[in-house]
Amino acid sequence: MKRLKGKIALVTGASRGIGKGIALRLAEEGALVAVHYGSRRDAAEDTVRTIAEQGGHAFPIGAALQSVSGVRQLIDSLKEELVRLTGDPQFDILVNNAGIGTSQTLEEETEASFDEIFAVNVKAPFFLVQQALPLLREEGRIVNVSSGVTRIAYPHLMSYNLTKGAINTFTLHLAKKLGPRKITVNAVLPGIVDTDVNASWLHTPEGHKHAVEMSALGRVGEPADIADIVTFLASAESRWVTGQLLDATGGSHL
């Protein structure tokens with residue numbers, strides 16, 4: 001039996017990369033998946049088509065998450081679509097995956113770029129949870145995608161690192177807050193994953209060799225590696241796991 005049969009999931013930033021992998025995997029396990037995108041509607045629709053071809057169910061939903069108004073737009077659109085499809089605006093699983101993946105060095109950082117990365121990586125998931133809580137069912141699941149940079153020092157990505165540290169703290173306190181509703185909250189901390197965001201340097205001989213050498217398991221991470229962990233945390237099998245930061249770096253820098 002599929003582990004998520006009858007469940008409804010919202011995955012932010014699901015048009016490509018890790019988010020797409022998560023959406024595909026949740027749908028494979030039986031969930032109806034809202035595939036969020038910021039600007040890449042074609043890519044989101046492609047993800048939805050792939051899910052349909054594999055026998056799953058999904059729909060695209062667009063909203064820019066740089067502002068709270070964008071978050072509200074996402075929730076309003078989600079409610080409208082769920083009522084149309086199911087007759088009920090409630091859902092079960094929220095995966096906060098959308099984010100900006102790079103930042104400037106400490107010396108190069110500007111106020112504008114600092115504000116932008118915190119708006120997308122911290123403010124958006126914070127207010128998305130706030131707006132989604134009335135719709136999230138009892139015994140629901142929240143999974144935040146953080147990063148291995150909260151354990152491994154990368155000073156050339158200083159602002160990005162800070163945003164993911166904030167997500168880890170958010171995960172801990174939110175798990176305590178939502179415990180009475182039997183909603184679990186956990187974070188997954190990926191390392192280097194083979195996505196289009198990393199392709200420019202990872203798909204070079206030097207870059208690939210460097211990434212492989214970092215991992216205790218001797219390979220580069222794939223979106224499916226992260227998606228399987230998120231699927232576990234979204235399922236009933238993780239009912240006794242909450243407030244945890246799951247390292248998903250393949251043992252990088254052990």
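Coordinate-derived values only; no laboratory data. The structure presented is a predicted model; accordingly, all values stated were derived computationally and were not measured. Backbone-built Cβ (ideal geometry, glycine too); neighbour counts: all protein chains shown.
Quick notes on this structure:
- Nearby lysines by direct alpha-carbon distance to Lys176 (threshold 26 angstrom, same-chain neighbours under 8 apart not counted): Lys7, Lys123, Lys164
- Distance between region 68-82 and region 1-23 - C-alpha centres, whole angstrom: 18
- Environment charge of Phe59, counting only residues whose C-beta is closer than 14 Å and scoring Lys/Arg +1, Asp/Glu -1: 0
- Order by protection proxy (mean Cβ within 10 Å, highest first), peptides 92-102, 203-213, 5-15: 5-15, 92-102, 203-213
- Options His203, Thr105, Gly243, ranked by Cα towards positive dipole end of the chain, top entry (Cβ charges): Gly243
- Its alpha carbons give the chain an Rg and a Dmax of 17.4, 53 Å.
- Förster-model FRET efficiency, 22 Å R0, His253 and Glu116, C-beta, rounded to 0.05: 0.20
- For the peptides 24-36, 53-65, residues were scored by their other Cβ atoms within 10 Å and the scores averaged per peptide; the highest-first order is 24-36, 53-65.
- Note on Arg40/Ser200: beta-carbon distance plugged into 1/(1 + (r/R0)^6) with R0 of 22 Å gives a FRET efficiency of 0.80.
- Local electrostatic count at Thr150 - Lys and Arg +1, Asp and Glu -1, tallied over other residues with Cβ under 10 Å: +1
- Translational diffusion coefficient (Stokes-Einstein; Kirkwood radius from C-alpha pairs) of region 95-148 at 37 °C, 0.692 mPa s, in µm²/s: 257
- Euclidean distance between Cα centres, region 146-192 to region 26-67, Å: 24
- Fully extending the segment from Thr105 to Val68 would add 10.6 nm, taking 0.36 nm per residue of separation and subtracting the current Cα-Cα distance.
- Region 168-183 - phi-based ³J(HN,Hα) in whole Hz, Karplus 6.51/-1.76/1.60, Gly and Pro as x: 4, 5, 4, 4, 4, 6, 5, 4, 5, 5, 8, x, x, 8, 6, 8
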